[in-house]
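First up is the structure itself, then whatever we jot down about it.
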Amino acid sequence: MVVVGTRCTAYLVYLLSFAPLSFSPTLSRSLPPSLQEEEFNWLLKEEVHAVLKQLHDILKEASRRFFIPTPGLESQLKQENFILGSSTMDQVKGVLTLQGEALTQADINLKTAKSNQVMHFTFRDDKHWKLQQIQDARNHVNQALQLLSGRDESYHFKTGAEVNKLMDAVMLQLTRARNRLTTPAAMTLPELATSGLMKMFTPPMPGDVMVNFYINLSKLCLTVYQLHAMQPNTTKNFRPSGSSVLHNPGAMFELNNAKFEVSQVHKVECVVPWLNNTLVFFTISLQLCQQLKDKISVFSSFWNYRPF
């Protein structure tokens with residue numbers, strides 16, 4: 001569930017206070033043809049640009065939440081520390097430092113099941129881990145802004161189809177941006193085991209531990225897998241697992257001619273408030289796009305017969 005923060009709510013109320021005046025589809029259809037065409041022309045000339053400006057302002061605010069760095073000034077990006085937690089376990093604890101789209105530090109304590117000892121790992125000083133989901137979402141927002149910037153107030157829309165084409169293109173980018181934050185990439189266990197993330201830590205992760213970071217909605221998640229090596233001649237009931245966001249205990253895989261089974265899985269997470277606000281901006285923007293398309297469709301009898 002996405003919760004709207006107080007500052008985000010205030011900003012949206014401010015933006016939406018400038019929303020174009022709505023009109024009744026039923027009333028518009030009941031007008032004489034000449035008045036319908038006059039209202040349609042007003043929609044293309046005035047209201048479309050009002051909605052585009054509103055969309056541009058909202059997405060500009062969304063892009064600001066991603067802390068887009070200026071070349072050479074990356075060090076000035078705000079660093080945020082988040083405490084990882086779980087209501088059901090204390091085997092994994094830690095603090096993550098997020099700077100824009102990169103994890104710049106991870107301080108993780110792992111209590112092993114066998115010895116009940118606590119192992120401590122941190123990122124190497126020369127290593128940062130880029131969160132591809134955030135980078136991709138940011139890029140899609142920028143592409144949506146570029147589409148809107150190409151149709152400023154001086155541009156004259158000639159047909160409703162032209163408006164719909166623009167809205168479809170913007171909505172595609174926004175949907176992709178939202179999906180990158182709401183749908184983490186599925187990975188196989190061998191992919192996790194050979195990931196560059198496993199080389200980020202000091203001291204090095206032991207061979208029976210794997211980790212993965214990902215974004216799920218407004219949460220930054222850490223999953224820790226504890227493994228045990230299977231007997232070399234084990235063939236009975238060995239079924240390699242496929243791709244998944246979260247693998248369950250009992251999942252098996254083979255790497256470098258050795259077979260492993262997941263014995264324990266620990267997942268901890270923390271809420272990133274600005275990701276939550278960004279998802280709200282995406283939802284509001286998609287709604288504005290669809291509402292404009294709905295208004296255009298009211299006058300489809302006019303623009304359907306105009307050259308696209």
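The values are calculated or read from the model by the stated rules, or taken from the named source; none is laboratory data. Model, not experiment: these values are computed from the prediction. Neighbour counts run over all protein chains shown; Cβ positions are idealised from the backbone, glycine included. Heavy atoms of the whole protein, side chains included, go into the accessibility calculation; ligands, DNA and RNA do not. Shrake-Rupley method; radii C 1.70, N 1.55, O 1.52, S 1.80 Å.
Key figures
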{"item": "Amide H contacts of residue 131 (H built 1.01 Å from N, under 5 Å, at least 5 apart or other chain)", "result": "102, 103"}
{"item": "Given 127/219; 114/259; 219/259; 45/78; 165/219, the pairs whose alpha carbons are separated by over 30 Å", "result": "219/259; 45/78; 165/219"}
{"item": "Computed Rg/Rh of the range 78-169, alpha carbon atoms with Kirkwood Rh", "result": "1.30"}
{"item": "Under Karplus coefficients 6.51, -1.76 and 1.60, residue-wise ³J(HN,Hα) of the range 154-166 in Hz, glycine/proline x", "result": "7, 7, 10, 6, 9, 9, x, 4, 5, 5, 4, 4, 5"}
{"item": "Surface per residue (accessible, 1.4 Å probe) for the range 189-308, Å²", "result": "46 Å²"}
{"item": "Nearest-0.05 FRET efficiency for residue 294 and residue 254, computed from C-beta distance (R0 51 Å)", "result": "0.45"}
{"item": "Under the Karplus curve 6.51 cos²θ - 1.76 cosθ + 1.60, θ = phi - 60°, whole-Hz ³J(HN,Hα) for the range 108-116, x wherever Gly or Pro sits", "result": "10, 10, 10, 8, 6, 6, 6, 9, 6"}
{"item": "Residues residue 165 and residue 38, FRET efficiency given R0 of 25 Å [Cβ-Cβ distance, rounded to 0.05]", "result": "0.60"}
{"item": "Solvent exposure, largest accessible area first (probe 1.4 Å, DNA, RNA and ligands not counted), of 83, 284", "result": "83, 284"}
{"item": "Distance (nanometres) between label positions extended 7 Å along Cα→Cβ at residue 219 and residue 115", "result": "3.1 nm"}
{"item": "Accessible-area composition of the range 161-288, carbon plus sulfur, in percent [1.4 Å probe]", "result": "53 percent"}
{"item": "Estimated FRET transfer efficiency (residue 263, residue 182; beta-carbon r; R0 22 Å; 0.05)", "result": "0.15"}
